Structures are given as C-alpha cells and as structure tokens.
Amino acid sequence: MTLSVHWTRPDAPEVAEMMAELLHEYVSRYGPAARERMERFPDSSLTPPDGRLLVLLRDGVAVAGGAFRRHDERTAEFKRIWTHSAHRRQGLARRVLEVLEAEAFRLGYRRVYLTTGPRQPEARGLYLAAGYTPLFDVTVPPSGPLPFEKRVAEPVGTVLHA
C-alpha cells in the first residue's frame with residue numbers, strides 16, 4: 001500500500017468526505033454549535049500563500065489530512081487534523097503533523113499553535129506525544145478548548161512529499 005501526500009484545496013472532491021466525517025464527529029461530541037465553529041473562518045485561509053491543506057492518500061483513497069493557516073507572522077495555526085475512522089491507530093495523524101510542520105517551516109513559520117476540544121482525549125494525547133507544549137493546566141479536568149504550541153525547526157530525516 002502506497003501512502004502519498006496530496007496538497008489540495010478545501011473545495012476539492014477528495015476533501016469532501018474528510019470534512020463531512022470531521023463535522024459529524026465534532027457534532028456528535030459537541031452538539032450543533034460545532035458546525036458554526038468549523039465554519040467560522042473562510043476556507044481560503046487554508047490555501048497558499050499563508051496556509052495549506054493536505055490529504056494523505058493510501059492507494060488513491062483519502063485516509064487522513066490536516067491544514068494550517070496564518071495565526072501571525074511567525075505562527076501557523078493547525079486546523080482540521082483528521083484520520084478516517086476506518087484507518088485510525090496506524091500513526092497517520094502523527095504523519096500528518098510531521099508533514100504540516102515541515103511545510104509550515106518551509107513557508108517561514110517557526111511556531112505552531114493549535115487547539116483541541118475537551119472531549120477529544122485522543123487528540124490531546126497525540127499532541128502531547130508529538131512534543132506540543134500544553135498552554136493549560138494538565139492537572140485540571142478540561143472544560144474548554146485546549147491550546148498547544150510547538151516550536152518548529154527544519155525537519156530531520158524523511159518526510160513524505162507530494
């Protein structure tokens with residue numbers, strides 16, 4: 001099975017299933033307000049020159065993805081990190097993070113900022129394991145968005161490229 005990176009646009013066909021499943025998951029965990037939260041910034045912010053959106057394809061099928069947009073001049077904000085429900089627990093989200101970090105660095109960003117929700121313990125665990133610094137007290141039960149940051153540097157080793 002071949003895994004490849006496909007840089008794309010939010011309105012591309014391969015992104016539709018990803019966004020539909022991501023929206024369904026958010027609404028099932030957080031209720032209808034999650035739809036508004038996902039739609040609160042324009043899709044154009046996830047496109048060049050300041051943002052990017054990727055889909056990991058396995059034999060041509062979208063299995064994971066994610067995006068970033070400009071948070072400030074030196075900071076990329078990661079958004080919509082996703083792994084298809086049938087392909088979880090295979091390290092794909094970690095791979096998405098690595099590729100996004102490398103691309104953010106290439107575009108001149110030196111810091112990544114992201115948030116996840118309090119009802120997404122698997123995402124919280126992923127970001128902690130991937131070296132992200134929590135900007136909240138990890139000893140207190142979460143009640144709102146959980147912000148993280150990470151300094152990014154030039155990638156060492158092999159990162160998938162399109």
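Side notes on the structure shown:
- Some residue of region 14-36 being open to solvent by less than 40 Å² (accessible area, probe 1.4 Å), over 17 Å from Ala102 (Cα atoms), more than 14 Å from the chain's Cα centre (by Cα) and small (Gly, Ala, Ser): yes
- When Gly91 is tested against (1) touching a residue at least 12 places away in the same chain (Cβ under 8 Å); (2) closer than 25 Å to Asp59 by Cα, exactly one condition is not met: (1).
- Residue in region 19-35 that is touching a Ser or Thr at 6+ places or on another chain (Cβ under 7 Å), in a helix (DSSP H, G or I) and of a type in the set (A, V, I, L, M) present: no
- Inclusion of Leu92 among residues that are over 20 Å from Pro147 (Cα atoms), within 13 Å of the chain's Cα centre (by Cα) and not polar (S, T, N, Q) is warranted.
- Output for region 106-152, where each listed residue is in a loop (DSSP other than H, G, I, E, B), more than 19 Å from Asp72 (Cα to Cα) and among the charged types (D, E, K, R): Arg119, Asp137
- Within region 106-128, being hydrophobic (A, V, I, L, M, F, W, C) and buried (at least 17 other Cβ atoms within 10 Å of the Cβ) holds for Val112, Leu114, Ala123, Leu126.
- Of all the criteria given as (1) closer than 20 Å to Glu39 by Cα; (2) more than 16 Å from the chain's Cα centre (by Cα), the one not satisfied by Gly117 is (2).
- Residue in region 88-105 that is closer than 23 Å to Val5 by Cα, in a loop (DSSP other than H, G, I, E, B), of a type in the set (Gly, Ala, Ser) and open to solvent by 40 Å² or more (accessible area, probe 1.4 Å) present: yes
- Sub-8 Å Cβ pairs linking a first residue in region 141-157 that is at pLDDT 90 or above to a second residue that is surrounded by 15 or more Cβ atoms within 10 Å (Cβ to Cβ) and among the basic types (Lys, Arg), at least 6 apart or interchain, are Leu146/Arg124; Glu149/Arg111; Lys150/Arg111; Arg151/Arg111; Val152/Arg111, ordered by first then second residue.
- Of the residues making up region 1-13, those that are open to solvent by 50 Å² or more (accessible area, probe 1.4 Å) and not in a strand (DSSP E or B) are Met1, Thr2, Arg9, Asp11, Pro13.
- Glu39 being modelled with pLDDT under 85, open to solvent by 60 Å² or more (accessible area, probe 1.4 Å) and more than 21 Å from Ala130 (Cβ to Cβ): yes
The values are calculated or read from the model by the stated rules, or taken from the named source; none is laboratory data. Note that the structure is predicted; figures quoted are calculated from it, not measured. All Cβ positions, even for glycine, are placed from backbone atoms using ideal geometry, and neighbour counts span all protein chains on display. Side chains are part of the model used for accessible areas, which takes the heavy atoms of the whole protein and leaves out ligands, DNA and RNA. Shrake-Rupley method; radii C 1.70, N 1.55, O 1.52, S 1.80 Å.
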